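Participant: Following this message is one structure expressed as structure tokens.
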Amino acid sequence: MKMAQFVKVEKEANLAIITIMNPPLNVINRQVFRDLKEVYTDIKHDHETVAVIITGSGYTAFAAGADIKEFPDMFGDENIRQQISECHEALDLIATCPKPTIAVLNGITLGGGCELALACDIRIAEEQIQIGLPEVKLGLFPGGGGTQRLPRLIGTAKAKEMMLTGDPISALQAEKIGLVNRVVRRGHGLIEGKNLAAKIAKNSLQSLSRIKQAIDEGYETSIDRGLQLEAELFVEVFRTEDSKEGVLAFIEKRKPMFQHK
């Protein structure tokens, strides 16, 4: 794994740990999105990686939003739609990656940082964080998927309240409404993230990727179509070598040795 300009990638067994390295607040500029896209393209095709963790460097911020200094150049820019598309492409690549991704929120998580967290499958928050989408206070609104992903996660009423006021909420409030999965003590986020990722990565990637696909695609359609998709994916996974290994290991009362094939 290589290190991009603002993103560091480390491997621990079958885990990939991505750290945003843009101190002091890890703001997400256009290059950060490009780095994330490049890194996730590599991870998607890395046969050794089964699960991914994203976090921010230091303890002040996971990512404190987009780089506001880039905004003045966007006024009157006829290519602004292309810039927004680059952001969406990077976050969509994370959201649709077959490898489960855990966001470890170790500090301020605002704006684009919140939208990055929303693109992940699971969010672990340290107790000191503040999370929110404050774009309305700048006369803007969330343009990195926030208006779409947040309501699907916590419901439209709470999502509207957060976006219409622009006020951040605490880690405990975020856990209460389902925005984060769990809250841990300051400095313990990465430990918790690694433990959870390692637990997930013990399972077959063939199963994990299809669970993600069945939930994400099924949620966007009718229950009938969702059940059809589930059946199609179950047929696929039943034909994999890992499914054979898993069933035989259960019958033989031993731990399965998944090859992710």
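Participant: Heavy atoms only, probe 1.4 Å: what % of the accessible area of the chain goes to carbon and sulfur, would you let me know?
Facilitator: Working: 7900 of 13980 Å².
Answer for the chain: carbon and sulfur cover 57 percent of the accessible area.
Participant: Among the chymotrypsin sites (Phe, Trp or Tyr not before Pro) within the stretch 42-128, which fall in a DSSP loop and have no more than 11 other Cβ atoms within 10 Å of their own Cβ? Spell out each step's value before the answer.
Facilitator: Values: sites: 59, 62, 75; in loops: 59, 75.
When the chymotrypsin sites (Phe, Trp or Tyr not before Pro) of the stretch 42-128 are filtered for loop state and at most 11 Cβ neighbours within 10 Å, 75 remain.
Participant: To continue, here is another question. Where a Cα-Cα gap under 20 Å defines reach, which aspartates and glutamates qualify for residue 137, not counting those fewer than 8 residues away within the same chain?
Facilitator: Within the straight-line limit of under 20 Å, residue 137 reaches these aspartates and glutamates: 67, 70, 73, 115, 161, 167.
Participant: Oh, and also: With the Cα gyration tensor of the stretch 122-233 giving a ≥ b ≥ c as the square roots of its eigenvalues, does the rule (a/c under 1.5 for rounded; else a/b larger than b/c for prolate; else oblate) give rounded, prolate or oblate?
Facilitator: oblate
Participant: Another question, if that's okay. Cross-link partners among lysines for residue 199, C-alpha distance below 27 Å, same-chain residues fewer than 8 apart left out?
Facilitator: Reachable lysines: 2, 8, 11, 37, 44, 99, 176, 212, 244, 253, 255, 261.
Participant: So, one more: When only DSSP loop residues count, what GluC sites (Glu not before Pro) in the stretch 25-71 have their Cβ near at most 13 other Cβ atoms within 10 Å?
Facilitator: On the way: sites: 38, 48, 70; in loops: 48.
Sparse-neighbourhood loop GluC sites (Glu not before Pro): 48.
Participant: Which GluC sites (Glu not before Pro) in the stretch 135-241 pass both tests, a DSSP loop state and at most 16 other beta-carbon atoms within 10 Å?
Facilitator: Sparse-neighbourhood loop GluC sites (Glu not before Pro): 220.
Participant: Treating the beta-carbon of each Lys and Arg as +1 and of each Asp and Glu as -1, no other charges, what is the dipole magnitude of the chain about its Cα centre, to the nearest 20 debye? Provide the component values of the computation, followed by the final result.
Facilitator: Numbers: 32 positive and 35 negative charges, 174 e Å.
Around 840 debye, computed over the chain.
Participant: Next up: Based solely on C-alpha atoms, express the radius of gyration and the Dmax of the stretch 1-140 in angstrom.
Facilitator: For the stretch 1-140, the Cα radius of gyration and maximum Cα-Cα distance read 14.6, 48 Å.
Participant: Ok, one more. Running Debye on the chain with equal point scatterers at the Cα sites and no solvent, what base-10 log of I(q)/I(0) appears at q = 0.07, 0.11 Å⁻¹?
Facilitator: Computed log10 I(q)/I(0) values: -0.25, -0.62.
Participant: Given springs between every Cα pair under 10 Å in a Gaussian network model of the chain, which of 77, 67, 242 has the largest fluctuation?
Facilitator: Ranking 77, 67, 242 by mean-square fluctuation puts 77 first.
Participant: If you don't mind, another one. Could you tell me whether the stretch 132-189 comes out rounded, prolate or oblate from its Cα gyration tensor? Rule is a ≥ b ≥ c as square roots of the eigenvalues, rounded for a/c under 1.5, then prolate if a/b exceeds b/c, otherwise oblate.
Facilitator: Working: a/c = 2.15, a/b = 1.63, b/c = 1.32.
Cα axes put the stretch 132-189 in the prolate bin.
The values are calculated or read from the model by the stated rules, or taken from the named source; none is laboratory data. Just so we're clear, the structure is a prediction, and the values are computed from it rather than from any experiment. Neighbour counts run over all protein chains shown; Cβ positions are idealised from the backbone, glycine included. Only protein heavy atoms, including side chains, enter the accessible area calculation; ligands, DNA and RNA are left aside. Shrake-Rupley method; radii C 1.70, N 1.55, O 1.52, S 1.80 Å.
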